[in-house]
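Written out below as structure tokens is the structure these notes cover.
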Amino acid sequence: MNIRVLEGNEIDSVVPILLLAEPSEFALRWSLQNMADTVYGMEMDGQWVGAATLCWNSDPAEILEFGIVEDHQKQGLGRQFLEWLKAEALRRGKTKLYVGTGNTSFGNFVFYQKCGFRMDHVRPDYLFYYRKPRYEEGIRVRDLLVFSYDLTQAEDAGKKKG
């Protein structure tokens with residue numbers, strides 16, 4: 001498995017993975033041009049199995065889109081990818097990392113908490129840009145629930161173990 005920054009000409013190859021996180025291609029492409037400053041790919045056996053976009057220029061840094069291809073989910077790859085991104089955040093001198101998910105993405109709530117993220121805040125009506133209202137589990141997708149990971153605690157925990 002290899003995780004690395006993607007060059008501009010490689011980004012289109014991971015768009016299908018990023019669409020798992022942001023199903024509006026228009027919104028995804030807007031985010032790639034206006035919000036994300038780095039795109040990462042996770043490669044296994046010559047295939048892209050994961051992708052993430054990040055905004056390192058914000059404080060806290062934020063994972064904007066994060067996806068693992070469906071036939072590779074529930075195998076620990078998402079957790080490995082997030083651990084790698086946390087380590088990258090520490091290398092970049094960040095103290096906190098955000099990740100958000102739609103108010104109806106119950107599986108994501110559990111996943112991010114299992115990876116050490118804590119509920120932080122809600123961005124009401126953040127997902128207003130869906131032209132046609134989207135529903136999951138019979139609930140309208142509209143708010144972004146933001147989870148945070150305190151990298152200073154992770155650093156302190158590593159010092160205690162060492």
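Can you tell me which residue within region 8-27, out of those that are of a type in the set (G, A, S) and at pLDDT below 95, is nearest to G107 (Cα to Cα)? In this case the residue turns out to be A21.
The single condition among (1) over 23 Å from D120 (Cβ atoms); (2) touching an Asp or Glu at 6+ places or on another chain (Cβ under 9 Å); (3) hydrophobic (A, V, I, L, M, F, W, C); (4) free of Cβ contacts under 8 Å to residues at least 24 places away in the same chain that V39 does not meet is (4). The set of residues in region 14-31 that are among the hydrophobic types (A, V, I, L, M, F, W, C), out of contact with any Leu (no Cβ under 8 Å at 6 or more places or on another chain) and more than 14 Å from V69 (Cβ to Cβ) comprises F26, A27, W30. Which of the following residues is in contact (Cβ under 8 Å) with a residue 40 or more places away in the chain, assigned to a strand (DSSP E or B) and more than 18 Å from M42 (Cα to Cα): L90, L97? Being in contact (Cβ under 8 Å) with a residue 40 or more places away in the chain, assigned to a strand (DSSP E or B) and more than 18 Å from M42 (Cα to Cα) holds for just one of L90, L97, which is L97. A Cβ distance below 7 Å, combined with a sequence gap of six or more or placement on separate chains, defines the contacts here; from region 6-26, residues that are farther than 22 Å from N103 by Cα reach residues that are among the hydroxyl-bearing types (S, T, Y) and surrounded by 12 or more Cβ atoms within 10 Å (Cβ to Cβ) in the pairs L6/Y40. Quick check on region 48-62: of everything there that is under 15 Å from L6 (Cβ atoms) and aliphatic (A, V, I, L, M), which residue is surrounded by the fewest Cβ atoms within 10 Å (Cβ to Cβ)? Step by step, filter region 48-62, then rank; the result is V49.
What residue, of G107, G116, is of a type outside the set (F, W, Y), surrounded by fewer than 15 Cβ atoms within 10 Å (Cβ to Cβ) and under 15 Å from the mean Cα position of the chain (by Cα)? Full working, then the answer.
On the way: G116 fails: surrounded by fewer than 15 Cβ atoms within 10 Å (Cβ to Cβ).
The match here is G107.
If the condition is being of a type in the set (V, I, T) and touching a Ser or Thr at 6+ places or on another chain (Cβ under 7 Å), then region 39-74 contributes V39, T53.
The values are calculated or read from the model by the stated rules, or taken from the named source; none is laboratory data. In this text, all values refer to a predicted model and were calculated from it rather than measured experimentally. Cβ coordinates were reconstructed from backbone atoms using ideal geometry, including for glycine residues, and neighbour counts include every protein chain displayed.
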